[in-house]
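Worksheet: one structure, shown below.
The values are calculated or read from the model by the stated rules, or taken from the named source; none is laboratory data. None of these values were measured; they are calculated from a predicted model. Cβ coordinates were reconstructed from backbone atoms using ideal geometry, including for glycine residues, and neighbour counts include every protein chain displayed.
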Amino acid sequence: MDICKWYNNANSPVLFMIDDLANVWVDLNGNGLIDLGEDWGYAKRKSNSSFKYLEDEILDGFKQVKTTFFLPTGIRVGMLENPTISSVSKMINCDIETIEFLKGVNDDIRYEIAYHGTTHGKVGGSTEDFIQEWQTYTSLEEAIKTIETGKKIFKEVFGYYPSGGKYCGYATNEFSNDSIDKSGFLWWCREWNRGKKHKTANDFRFEFDIKEFGKNSIIDIPSTLALNITSSEKSIKSIVKNAIKKMTFNQRIKQIEFLLANKLVISIQEHMSPARDDGRVQNPNIFDDAEYLKRIFKYLINKNVWFCTCTELAEYYILRKNSTINFINDNKFSIKYNSDKKIKWNKLSIVADNEINHIRMPDRKVVNKVNGCFDIEVMDGIYEVLI
């Protein structure tokens, strides 16, 4: 009898990660109206909002997919000190309507909202001068203080502190990891494509798996897949663009096949909006990749995968790593959770001998074998194998 690497004995967990759900609107054409693609979350679920587009045009028909949104809590800055494109940016606790919208998203079992800094960074005279948030901190104390401020705003909106988050732009300095380790997070996304420096399959298998960092063993969730299929180069002819799209999509499928074959995390990266105040396109984004996201989801639904949020993944990993099965005799066993980490997820997936088809729980409920495994709650008492 063994504990499965992933819930429900899946080959891979699938995460849909969207950066910069924010209280921001970039008025690209200057008409004073929110047009499709300009909104980052400011328009809530109203007409032409990015969230409405996500639900109606991408996620509709894919109820299994779960999404983790990464949210800056403060006034999310643009890219330029003096932009010619106007924008609106407000804190997430600026009014009741915004709070109710964000809380409603987070309360949906298909979604979760995670931490993504306060301002996202510091603007400069040009796009190249922009500094990502965790690179702006000049000391560990400054980093922790700012994180605590951001966490308090998060709690004011959602009623609890964030479980995890992601570095803005995946950019860090010497204080960054310690600041996360000391700020009470359960999990974090630290690097984009952390296997890019490695050449062998074994290197990739190691780099694209879950790791831990810090004295508090923060769960380090890998970022493994960015679609980024639509070319923004206007000078390329349409026939060439279509060929590039097809080739890029096929490459993404091959990447997914590698991750599935090696039981690794499939985490799909996107942004909420393509709009920026420097006029450049924010890539990857849900608008340019919409068609391909639906094709990816359709492909994955027919595979042995577990669609989950980042917190669900981290908590299953913690439960699996810290649980032991203790046999009392051939037909009875107990499960012990050996960690002081407080988690909500409480279901382990275990595989057993072929002749075992049912397990009676300590509360006398009987669990049947599904997908070749048993999904059982961890509780005090005796489990009984039923042949």
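For residues in the range 154-168 being under 28 Å from TYR316 (Cβ atoms) and in a helix (DSSP H, G or I), which is nearest to the chain's Cα centre (by Cα)? Break it down into steps so the answer makes sense when it comes.
Step one: filter the range 154-168 for residues under 28 Å from TYR316 (Cβ atoms), giving 154-155, 157-168.
Now restrict to residues that are in a helix (DSSP H, G or I): 154-155, 157-158, 168.
Details: PHE154: 17, LYS155: 19, VAL157: 20, PHE158: 18, CYS168: 13 Å.
Ranking the candidates gives CYS168 first.
Residues are listed down the side, and each one gets a yes or a no for (1) on the phi > 0 side of the Ramachandran plot; (2) among the β-branched types (Val, Ile, Thr); (3) under 22 Å from the mean Cα position of the chain (by Cα):
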position	(1), (2), (3)
GLY279	yes, no, no
GLU291	no, no, yes
PHE297	no, no, yes
CYS310	no, no, yes
LYS341	no, no, yes
ALA352	no, no, no
ILE356	no, yes, no
VAL366	no, yes, no
GLY381	yes, no, no
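Regarding LYS145, is this residue at pLDDT 95 or above and over 22 Å from the mean Cα position of the chain (by Cα)?
On the way: at pLDDT 95 or above: yes; over 22 Å from the mean Cα position of the chain (by Cα): yes.
It is true that LYS145 is at pLDDT 95 or above and over 22 Å from the mean Cα position of the chain (by Cα).
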Exercise. Inspect all residues belonging to the range 13-31 and state whether any of them is modelled with pLDDT under 95 and either at positive phi or not polar (S, T, N, Q) (or both).
Key: no
Self-check item: Residue that is farthest from GLY164 (Cα to Cα) [pool: residues in the range 13-68 that are over 17 Å from the mean Cα position of the chain (by Cα) and basic (Lys, Arg)]
Solution: LYS46
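So, in the range 344-372, exactly how many residues are over 17 Å from LYS5 (Cβ atoms) and either of a type in the set (Phe, Trp, Tyr) or in a loop (DSSP other than H, G, I, E, B) (or both)?
Taking the range 344-372 and keeping what is over 17 Å from LYS5 (Cβ atoms), we get 344, 346, 353-369.
In the following step, the residues that additionally are either of a type in the set (Phe, Trp, Tyr) or in a loop (DSSP other than H, G, I, E, B) (or both) were identified as 344, 346, 353-357, 361-365, 369.
The qualifying residues number 13.
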Self-check item: Odd one out for ASN242 among (1) farther than 30 Å from VAL366 by Cβ; (2) part of a loop (DSSP other than H, G, I, E, B)
Solution: (2)
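I'd like to check something: does the range 89-112 contain any residue that is within 17 Å of the chain's Cα centre (by Cα), farther than 28 Å from LYS152 by Cβ and of a type in the set (A, V, I, L, M)? Steps first, please.
Step one: filter the range 89-112 for residues within 17 Å of the chain's Cα centre (by Cα), giving 102, 105-112.
Keeping just the survivors that are farther than 28 Å from LYS152 by Cβ gives none.
Within the range 89-112 (the criterion being within 17 Å of the chain's Cα centre (by Cα), farther than 28 Å from LYS152 by Cβ and of a type in the set (A, V, I, L, M)), the answer is no, since none of the residues qualifies.
Quick check on the range 175-188: of everything there that is of a type in the set (D, E, K, R) and touching a helix residue (DSSP H, G or I) at 6+ places or on another chain (Cβ under 9 Å), which residue is farthest from ILE318 (Cα to Cα)? It would help to see each step written out before you state the result.
First pass over the range 175-188, keeping only residues of a type in the set (D, E, K, R): 178, 181-182.
Right, trim to touching a helix residue (DSSP H, G or I) at 6+ places or on another chain (Cβ under 9 Å) and you get 178, 182.
Values: ASP178: 20, LYS182: 19 Å.
So, considering only residues that are of a type in the set (D, E, K, R) and touching a helix residue (DSSP H, G or I) at 6+ places or on another chain (Cβ under 9 Å), the one farthest from ILE318 (Cα to Cα) is ASP178.
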Quiz item: How many residues does the range 359-372 contain that are out of contact with any His (no Cβ under 9 Å at 6 or more places or on another chain) and at pLDDT 95 or above?
Solution: 7
Quiz prompt | Residues within the range 208-266 that are surrounded by fewer than 12 Cβ atoms within 10 Å (Cβ to Cβ), among the charged types (D, E, K, R) and modelled with pLDDT under 90, tallied | solution = 4
Quiz item: For the range 40-153, which fully contained helices (runs of 4 or more DSSP H) count at least 2 residues that are within 23 Å of VAL281 (Cβ to Cβ)?
Solution: 50-53, 133-136
Self-check item: Qualifying positions in the range 136-170 - without any contact (Cβ under 8 Å) to a residue 40 or more places away in the chain and more than 21 Å from LEU102 (Cα to Cα)
Solution: THR136, THR138, SER139, GLU141, GLU142, ALA143, ILE144, LYS145, THR146
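Somewhere in the range 50-64, is a residue in contact with an Asp or Glu (Cβ under 7 Å, 6 or more places away or on another chain), surrounded by fewer than 21 Cβ atoms within 10 Å (Cβ to Cβ) and either more than 27 Å from LEU186 (Cα to Cα) or not aliphatic (A, V, I, L, M) (or both)? Spell out the reasoning first.
Kept after step one, since they are in contact with an Asp or Glu (Cβ under 7 Å, 6 or more places away or on another chain), are these residues of the range 50-64: 50.
Narrowing the set further to residues that are surrounded by fewer than 21 Cβ atoms within 10 Å (Cβ to Cβ) leaves none.
No, every residue in the range 50-64 fails to be in contact with an Asp or Glu (Cβ under 7 Å, 6 or more places away or on another chain), surrounded by fewer than 21 Cβ atoms within 10 Å (Cβ to Cβ) and either more than 27 Å from LEU186 (Cα to Cα) or not aliphatic (A, V, I, L, M) (or both).
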Self-check item: Candidates VAL105, VAL157, filtered to the one that is touching a Phe, Trp or Tyr at 6+ places or on another chain (Cβ under 7 Å) and surrounded by 18 or more Cβ atoms within 10 Å (Cβ to Cβ)
Solution: VAL105
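Could you tell me whether ALA290 is in contact with a helix residue (DSSP H, G or I) (Cβ under 8 Å, 6 or more places away or on another chain) and aliphatic (A, V, I, L, M)?
Values: in contact with a helix residue (DSSP H, G or I) (Cβ under 8 Å, 6 or more places away or on another chain): yes; aliphatic (A, V, I, L, M): yes.
Yes: the conditions hold for ALA290.
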Quiz prompt | Search result, residues across the range 1-27 that are aliphatic (A, V, I, L, M) and buried (at least 18 other Cβ atoms within 10 Å of the Cβ) | solution = ALA10, VAL14, LEU15, MET17, ILE18, LEU21, ALA22, VAL24, VAL26
Quiz item: How do the pairs read when you match residues in the range 245-264 that are farther than 19 Å from LEU313 by Cα and among the β-branched types (Val, Ile, Thr) with residues anywhere that are modelled with pLDDT of 90 or more and loosely packed, with under 15 Cβ neighbours inside 10 Å, using Cβ under 8 Å and keeping only pairs 6 or more apart or on different chains?
Solution: ILE253/TYR299
Self-check item: Checklist (1) assigned to a loop (DSSP other than H, G, I, E, B); (2) within 21 Å of THR67 (Cβ to Cβ) applied to ILE219, failing item
Solution: (1)
